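The values are calculated or read from the model by the stated rules, or taken from the named source; none is laboratory data. Owing to the predicted nature of the structure, the values given are computational and were not obtained by experimental measurement. Quick reminder, even Gly has a Cβ in these numbers, built from the backbone with ideal geometry, and neighbours come from all protein chains shown.
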Amino acid sequence: MSDGITATAEAQANTALDLTTLSVREANRALQSAKGGAFRLLNPGGKHALACGLSQPVSVSIEGHAGYYCAGMNQRAEVTVHGNAGTGLAENIMSGTVRVTGDASQSAGATGHGGLVVIAGNASARCGISMKGVDIVVGGDVGHMSAFMAQAGNLVVLGDAGPDLGDSIYEARLFVRGAVARLGTDCVEKEMRAEHLDLLRDLLARAGMQADPAEFRRYGSARRLYHFKVDNAGAY
Amino acid sequence: MNDQSNAPRGEPGNGAPRTTPVKSAIFDDYTLSEIRRAAATGLYDIRGGGAKRALPHFDDLLFLGASVSRYPLEGYREACGTDVTIGARHAETPLHLKTPITIAGMSFGSLSAQAKEALGRGANAAGTSTTTGDGGMTPEEREHSNLLVYQLLPSRYGMNPDDLRKADAIEVVVGQGAKPGGGGMLLGQKIGARVAEMRTLPEGIDQRSACRHPDWTGPDDLEIKIGELREITGWRVPIYIKVGASRPYYDVALAVKAGADAVVLDGMQGGTAATQTVFIEHVGIPILAAIRPAVQALKDLGMHRQVQLIVSGGIRNGADVAKALALGADAVSIGTAALVALGDNDPRWEDEYRRLGTTAGAYDDWHEGADPAGITTQDPALAARLDPVAAGRRLANYLAVMTLELQTIARACGKSHVHNLEPEDLVALTVESAAMAGVPLAGTDWIPGRTG
Ligand SMILES: Cc1cc2nc3c(=O)[nH]c(=O)nc-3n(C[C@H](O)[C@H](O)[C@H](O)COP(=O)(O)O)c2cc1C
């Protein structure tokens, strides 16, 4: 092991990777090649692409702020950012869990195919854009154009949603507890049935968030834009 | 009132000669039919293929060849290299191609599985690469292509880190020549069960993909995005950036700044699987006009031949390839021509083209999925018409012919490698092409815009 990688007494169980001495490449190589175990990423300093491309069930604790694309394309790993995260947090996540204790910038969970993204604070614009199966739970608010073209998966917002929520949405489900500034094109409020309350209860529990599912409203696609029609021209 | 006033206009009753009916040059038959079509349906026209109008193109350039002042190489005897290495700027394992002609990105979805397989087989035989497309990588495609470039598109349909790590190169698609500024399109007829699942979409819907990437905007973000892709793939494979030709100088410069190993520049003649006709015919610039500014950007940054320039859009034969290389490109890619080599628009299906209201050579309703040749379709019965082995063989033959033609021209110009072709080997036939390609009008030393 090179300088900056220090294993604790439990061997692989809690390896510290210090980004004041390691490059992002070295830290990522260590994380990407590990088959399991727990890691601490020290002094992340807002660096980009931290803990991205992980494919094994490792657990990574990032102790500070992360830059763009933190935990990008995650598979199976559990990554927690103890701080804020920049643009594209857990973009295209496939599986596993990515958590942020603070806020996340734009495009959090963008295009995610699976797994769980939990943001304790607020998420900025385009949270869950083009999501394809990921579950995203946001403790605070989400910015404009969230769930734009969202295809599948669930977005849960405990706070408010900015304008144009769910614009051009496909089959993703959106649950918002607070106010929605404005729904996007083809996104409508939908009935909250028992199955949705169960789903929401489970999502909140997995995210570790305290909230009553009954306080949420559900939004989804009106499916008016699924086929080109002249009468919908005004909506394009 | 005399007799004549009651006769219909243009039909004088006194035997005077009639004038020939004149159709308007601007309101021509096609234009009129398009107005009637739009009026009847309320929808814009969508089609496949590239720009069909006449545009300044490689045909407007000629090679000078060798004579007293320069001597040629012996055909078939003296070596004329055609190999090209793509992506050595940052990647540990750049691509080594035997011919500078690559197969452009065309998705499974827009093309049948058989067509994708045939492209892989043909490219393998020629020692070149193929490219995935909107919709992700199929296992068959990976299996049948020795060198496979994986596209990262705005839609991110089917984007999967496992596939990313299986790719031999990654192409970040910013735009396409047929529609710079537009997203993908795949209509319901082609969203069958497998395509729908790969794209996480409901079956049978009219899909309109995003035109902007979901997690970056602008060159500074793109640089960070490329950094992430390199981290995920361990800095192993080259990363290309594909742009539609519109502002080639700046787009190429920014692609270099963003860290690209190669830039793919697609002119407005470039084919598409499905795009609005108005987009295909009116947005972007011809590839002829785009190569010199792109090369200039690379030269200004000291990156010509370091960052490879791959150009496309209407490449049909070895002469087109030679001209693109002489203007400074490192390689070309082909879409439409490769499909034709497989069997697209073949007159053998004329009866069926007629039934579809078209004719062989004009068939461009690739978005409808009813391709008689079984190429741009997801219909199992039609797709079964294409034998991937035989079609792959045809593509390999065609690539071999283009490469030989390219060498023939290079030798005639006295070059021992096709990359030694240069603008000085060319002249232009028209003032427009002279200005666009930056080479003199034949018989003069006049380059409009440069030498007065
Ligand atoms: C059927 C078809 C499908 C295409 N699909 C894609 C695609 O998924 N992604 C992309 O970047 N370009 C796509 N293109 C554009 C080609 O990659 C390429 O830019 C173009 O075909 C080059 O011009 P040419 O057809 O004149 O050779 C497609 C083109 C065709 C003909």
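Just so you know, in segment A:133-175 the residues that are in a strand (DSSP E or B) and of a type in the set (G, A, S) include one that is nearest to A:D202 (Cα to Cα), and it is A:G153.
Taking the listed residues A:H82, A:H48, the one that is touching an Asp or Glu at 6+ places or on another chain (Cβ under 9 Å), closer than 23 Å to A:V142 by Cα, within 9 Å of chain B (Cβ to nearest Cβ) and modelled with pLDDT of 95 or more is A:H48, with no other qualifying. Going residue by residue through segment B:188-204, is there one that turns out to be surrounded by fewer than 23 Cβ atoms within 10 Å (Cβ to Cβ), in a loop (DSSP other than H, G, I, E, B) and within 14 Å of the ligand (Cβ to nearest atom)? Checked against the condition, which is being surrounded by fewer than 23 Cβ atoms within 10 Å (Cβ to Cβ), in a loop (DSSP other than H, G, I, E, B) and within 14 Å of the ligand (Cβ to nearest atom), segment B:188-204 yields no hits at all.
When you check B:L43 against the structure, is it at pLDDT below 95 and either touching a His at 6+ places or on another chain (Cβ under 7 Å) or not small (G, A, S) (or both), yes or no?
Working: at pLDDT below 95: yes; either touching a His at 6+ places or on another chain (Cβ under 7 Å) or not small (G, A, S) (or both): yes.
Answer is yes for this residue.
With respect to (1) over 23 Å from B:R47 (Cα atoms); (2) in a loop (DSSP other than H, G, I, E, B); (3) more than 11 Å from chain A (Cβ to nearest Cβ), the lone exception for B:G181 is condition (1). On the given criteria, is B:A210 near the ligand (Cβ under 10 Å from one of its atoms), in a loop (DSSP other than H, G, I, E, B) and either farther than 28 Å from B:P94 by Cα or at pLDDT 95 or above (or both)? No.
May I ask you to list the residues in segment B:304-331 that are assigned to a loop (DSSP other than H, G, I, E, B) and within 15 Å of the ligand (Cβ to nearest atom)? Steps first, please.
To start, the set of residues in segment B:304-331 that are assigned to a loop (DSSP other than H, G, I, E, B) comprises B:305-306, B:313-317, B:327-330.
The answer is B:G313, B:G314, B:I315, B:R316, B:N317, B:A329.
For B:A273, state whether it is under 20 Å from the mean Cα position of the chain (by Cα) and either within 14 Å of chain A (Cβ to nearest Cβ) or farther than 25 Å from B:E34 by Cα (or both). Answer is no for this residue.
Among the conditions (1) in a strand (DSSP E or B); (2) touching an Asp or Glu at 6+ places or on another chain (Cβ under 8 Å); (3) buried (at least 24 other Cβ atoms within 10 Å of the Cβ), the only one that A:F39 does not satisfy is (2).
One residue stands out in segment B:227-255 among those that are over 17 Å from B:Y150 (Cβ atoms) and crowded, with 24+ Cβ neighbours inside 10 Å: the one that is nearest to the other protein chains (Cβ to nearest Cβ), namely B:A255.
Being away from the ligand (no atom under 15 Å from the Cβ), within 14 Å of another protein chain (Cβ to nearest Cβ) and more than 16 Å from B:M402 (Cβ to Cβ) holds for only one residue in B:E74, B:E78, B:E92, and it is B:E92.
Looking across segment B:134-165, the residues that are under 21 Å from B:Q114 (Cα atoms) and either part of a helix (DSSP H, G or I) or without any contact (Cβ under 8 Å) to a residue 40 or more places away in the chain (or both) come down to B:M137, B:P139, B:E140, B:E141, B:R142, B:E143, B:H144, B:S145, B:N146, B:L148, B:Y150, B:D163. Selection of segment B:119-136 for residues being away from chain A (no Cβ under 14 Å) and within 13 Å of the ligand (Cβ to nearest atom) yields B:L119, B:S129, B:T130, B:T131, B:T132, B:G133. With the structure loaded, tell me whether B:A115 is within 10 Å of the ligand (Cβ to nearest atom), at pLDDT 95 or above and crowded, with 24+ Cβ neighbours inside 10 Å or whether it fails that test. Judged against the criteria, B:A115 is a match.
The residues on offer are B:L201, B:L164, B:L186, and the sole one that is at the interface with chain A (Cβ under 8 Å from one of its Cβ atoms) and within 30 Å of B:H282 (Cβ to Cβ) is B:L201. Beta carbons closer than 6 Å, at least 6 apart along the sequence or on distinct chains, pair a first residue in segment B:260-280 that is within 20 Å of B:T377 (Cα to Cα) with a second that is hydroxyl-bearing (S, T, Y) and more than 13 Å from the ligand (Cβ to nearest atom) for B:Q276/B:Y44. Looking only at residues of segment B:246-303 that are in a strand (DSSP E or B) and of a type outside the set (S, T, N, Q), we find that the one that is nearest to the ligand (Cβ to nearest atom) is B:D266.
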